[in-house]
Amino acid sequence: AATALALGKDQPTDTTFLTDPVLAESLKRAPITGITVSAPSDEYDYSIEASYKLGDQQVNETFTVQKTGDKYLLYDVTQDVDLQLIRSRTLPLLINGVAVQADKVYLFPGSYVLTSGSKYANYGEGTLVLKHPADYPDTSKLRPELTKAGEDALIDAAKAKLTSCLKETKLQPTGCPYFK
């Protein structure tokens, strides 16, 4: 992760998800292989062509670069991903096992699993793939929802409460719904 960040002209303000453990989890699901990078045509070249495979997806991208000293640095090595519309205030959000504390996160290209850490609720299909630093990943299917275990627990709790209320001998027991 530090090597990847060192290739960037500017550094992101938050590196919570730009760590070796988060990157290792991403690479388990979608290794980056078959990397080819074109050489700059001259010292004033500001773009470099690169291709690679991210998991089984072929990626061909043009990267904007700036020559600094004797090396070229990338303008973008990460993408900032806005999670404001996804992130629940009451359900934790974890990316590759690391807790999200802000509505905007910075990610390297890769595959990221979004979970809640709970067996009762999760974030939809839960996988976010970022093909390159300028990619805007599809987050439309990442909404909080009950899992099968969550649905079962809710039904079991409702049945238990109803059974408890039916055993009461009062006309309107406290904490029990009643009908008029």
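Listing for the model above:
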| quantity | calculated |
| --- | --- |
| Per residue Cα convex hull volume in Å³ - calculated over the chain | 137 Å³ |
| Selected from LEU142, SER118, ALA153, residue furthest toward positive end of dipole (the range 106-164; charges at beta carbon) | ALA153 |
| Magnitude of the charge dipole, the range 1-149, Cβ model with Lys/Arg +1 and Asp/Glu -1, debye to 20 | 800 debye |
| Cβ-based net charge around TYR120, under 14 Å, with every Lys or Arg adding one and every Asp or Glu removing one | -2 |
| Residue-averaged [θ]222 nm for the chain, counting only DSSP H segments that reach four residues, each worth -39500 (n - 2.57) | -6000 deg cm²/dmol |
| Heavy-atom surface of the chain, accessible at 1.4 Å and reported per residue (Å²) | 63 Å² |
| Folded to 0 to 90 degrees: helix 20-29 orientation relative to the chain principal axis, Cα | 80 degrees |
| Charge dipole (debye, nearest 20) of the range 91-170; +1 at Cβ of Lys and Arg, -1 at Cβ of Asp and Glu | 280 debye |
| Among LYS67, LYS148, LYS159, residue whose mean-square fluctuation peaks in a GNM of the chain (springs only between Cα atoms under 10 Å) | LYS159 |
| Across LYS53/LYS104; LYS28/LYS148; LYS71/LYS104; LYS148/LYS170; LYS67/LYS131; LYS67/LYS104, pairs whose alpha-carbon gap is larger than 32 Å | LYS148/LYS170 |
| Dipole magnitude of the range 55-112, debye to nearest 20 (Cβ charges: Lys/Arg +1, Asp/Glu -1, about Cα centre) | 200 debye |
| Charge-dipole axis of the range 4-80 as Lys and Arg at +1 and Asp and Glu at -1 on Cβ define it, positive-most pick from LEU7, PRO31, LEU18 | PRO31 |
| Reciprocal of mean inverse Cα separation for the range 1-69 (Kirkwood radius, Å) | 13.8 Å |
| Degrees separating the helix 148-166 axis from the principal Cα axis of the chain, which is the longest one | 20 degrees |
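The values are calculated or read from the model by the stated rules, or taken from the named source; none is laboratory data. Please read these numbers as outputs of a predicted model, since none were measured by experiment. Cβ sites come from the backbone with ideal geometry, for glycine too, and all protein chains shown count toward neighbours. The area values use the complete protein model at the heavy-atom level, side chains included, leaving out ligands, DNA and RNA. Shrake-Rupley method; radii C 1.70, N 1.55, O 1.52, S 1.80 Å.
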